[in-house]
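Structure record follows, encoded as structure tokens.
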Amino acid sequence: MEFVFVSGNPALDLLGTLKWRRSAPEEGLPTPADAARWAVEAGLLSDPPEAGEEELRRLTELRESAYRLVHATMAGAPADAADLRTVNEAAAGSPASITLTARGARRTGSLDAVTAEVARAAVALVGDMYGATPPKVRECERDACTRLFIDRSRGGTRSWCGMAECGNRVKAREYRARKAADREARLS
């Protein structure tokens, strides 16, 4: 699976590793090696960490708790106590270390360190959603897509998680529908 980082927040990008939640869920992190690769591609670590099934379980458990918390916050619903506990316990973990080298920054740590970093991003995001100027967290408007993203567009009207996967498909479908309607109108 190719990972996509269009959500504007590491926690939301992690949530996007389980695609099509309402229809045919597609797991983007089926193995510890996939999770390690995601951590590097997300820029959270410089090299893939050694990881096992237990570290993967903790990361995906965080992902699902964070998903439910963000959705509850978006809906103005109360947060589930178990989800709060999961996210807060993960956020209390040791983060990845960062050092400056002659070639730039180097991030090292375990998959659990990545889990802690992503949990902190989730805590900050959900906390900000209760603030005076909350970020505009939205769900992609493509029917099948369940990816969440922060709308930082100038007008605050971003509809899709990203143009490459969803925006282009929606625009192409709308274009085909307009062309079909035009043909039908000419034939009538």
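The values are calculated or read from the model by the stated rules, or taken from the named source; none is laboratory data. Worth saying up front: this structure is predicted, and the values here are computed from it rather than measured. Cβ placement follows ideal geometry from the backbone for every residue including glycine, while neighbour counts extend to all protein chains displayed. Surface accessibility is based on the protein's heavy atoms, side chains included, excluding ligands, DNA and RNA. Shrake-Rupley method; radii C 1.70, N 1.55, O 1.52, S 1.80 Å.
General observations
- Selection among Gly162, Thr99, Pro48 by position relative to the dipole of the chain gives Gly162 as farthest towards the positive end (Cβ unit charges, Cα centre).
- For region 61-71, backbone phi angles converted through the Karplus equation (6.51, -1.76, 1.60; θ = phi - 60°) give residue-by-residue couplings of 5, 4, 4, 6, 5, 5, 4, 5, 5, 5, 4 Hz, Gly and Pro being listed as x.
- For the chain, the normalised intensity computed at q = 0.08, 0.14 Å⁻¹ comes to -0.31, -0.82 (log10 of I(q)/I(0), Debye sum over alpha carbons, equal scatterers, no solvent).
- When the convex hull of its Cα atoms is projected in every direction, mean area for region 7-82 (nm²): 5.7 nm²
- Ala92-Asp143 pseudo-label distance in nm [points 7 Å out on the Cα-to-Cβ vector]: 4.5 nm
- Simple spin-label estimate for Thr99 and Met129 in nanometres, 7 Å along Cα-Cβ: 3.8 nm
- Among 59-65, 25-31, the order from most to least packed when residues are scored by Cβ within 10 Å on average: 59-65, 25-31
- Spacing of the two label points (7 Å from each Cα toward its C-beta) at Leu187 and Phe5, in nm: 4.8 nm
- Packing, taken as the mean count of other beta carbons within 10 Å per residue, orders the peptides 134-144, 93-103 from highest to lowest as 134-144, 93-103.
- Fraction of accessible area attributable to carbon and sulfur, the chain (%, probe 1.4 Å): 52 percent
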